[in-house]
Amino acid sequence: MRAGSFPAHWLTGGPNCIEAPAWQVHEYNPDLYIIRESGCTNYEKPFLYLLFGDAKALLLDTGAGQTDVSHEVMGIVAKWLQRNHRESIPLVVAHSHSHGDHVAGDSQFRGQANVTLVEPALAATKSFFAIDRWPDGQGQADLGNRVIDVIPIPGHDPLSLAYYDRQTGILFTGDSLYPGRLYVADFPAFAASTDRLVEFTRGKIVTHLLGCHIEQTATPYLDYPVGTKYQPQEHELALGRAHLLELQTVLHAMDKSRRMAMRDYTVWPLNTK
């Protein structure tokens, strides 16, 4: 299992937006980059993930609002190519789900040479990752000596996906599990997806669960208000499989869809009727 590291802290947005960079790029290891959008650009501050294999690179999500995400990503790709003495590498751009704060930069990649954009739609997603049954099937992305398992997990969004990187043991969980408000649009689907993720990870090494946001503070049970740009005392990004098991237990114990604050996240149904 290939190791990596996280920064001591993430930039969020401020306190002085004039001085804050639009993106923070962190090299988890030489073939995996974590890219965070500044809260000064968009308060959602989403995380993007860029993974390199021998044959292809994979970008998960394209950010929120008006950004120069393509320029930032292609700059990382260029430096990776230079370090690895390569002329080029095809880039696949895919998504954790279809919400606007994760697909805003799609147009910057659409039509680019050597770039394949997997459109954030069910038919395109199923076809590209060869998912034969939705949501009970699974797909894969072979990047060349690096296989990424693709697991449908609708509930937050009909198109929600989790990605498991066999090389690092990281499970990328999008907006379905992260330190913050887990907005649940379809409660039965969300509970079933959590069950499937628990079953998928059974017997596998799961080093980290990495979602797309941090909304929780470092204080247990306390989140930052919606719209917060600057989060100087925020929760760490990485969760563990224990959080997934806890979430499954919480969902099973609910007699109806309702809001439930946990230490590191909050289950937040959008419709409690």
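What follows is calculated from the coordinates using simple rules that are stated; it is not laboratory data. If you're wondering where the values come from, they're calculated on a predicted model, not measured in any experiment. In this analysis, Cβ positions are derived from the backbone assuming ideal geometry, glycine residues included, and neighbour counts consider all displayed protein chains.
Structure notes:
- Residues that are in a helix (DSSP H, G or I) and crowded, with 16+ Cβ neighbours inside 10 Å within the stretch 75-116 comprise Ile76, Val77, Trp80, Asp101, His102, Val103, Asp106, Gln108, Phe109, listed in sequence order.
- Among the residues of the stretch 214-260, those identified as in a loop (DSSP other than H, G, I, E, B), crowded, with 16+ Cβ neighbours inside 10 Å and among the β-branched types (Val, Ile, Thr) are Ile214, Thr228.
- Residues that are of a type outside the set (Lys, Arg) and touching a helix residue (DSSP H, G or I) at 6+ places or on another chain (Cβ under 8 Å), drawn from the stretch 212-253: Cys212, Leu244, Leu245, Leu247, Gln248, Leu251, His252
- Within the stretch 261-273, being free of Cβ contacts under 8 Å to residues at least 60 places away in the same chain and either over 18 Å from Thr219 (Cβ atoms) or touching a helix residue (DSSP H, G or I) at 6+ places or on another chain (Cβ under 6 Å) (or both) holds for Thr272, Lys273.
- Sub-8 Å Cβ pairs linking a first residue in the stretch 14-38 that is touching a residue at least 40 places away in the same chain (Cβ under 8 Å) and within 27 Å of Gly53 (Cβ to Cβ) to a second residue that is of a type outside the set (D, E, K, R) and surrounded by fewer than 13 Cβ atoms within 10 Å (Cβ to Cβ), at least 6 apart or interchain, are Tyr28/Ser5; Asn29/Ala3; Asn29/Ser5, ordered by first then second residue.
- Taking residues in the stretch 133-146 that are touching a residue at least 24 places away in the same chain (Cβ under 8 Å), and partners anywhere that are charged (D, E, K, R) and in a loop (DSSP other than H, G, I, E, B), the pairs with Cβ atoms closer than 7 Å and at least 6 places apart or on different chains are Leu143/Lys56; Gly144/Asp54; Gly144/Lys56; Asn145/Asp54.
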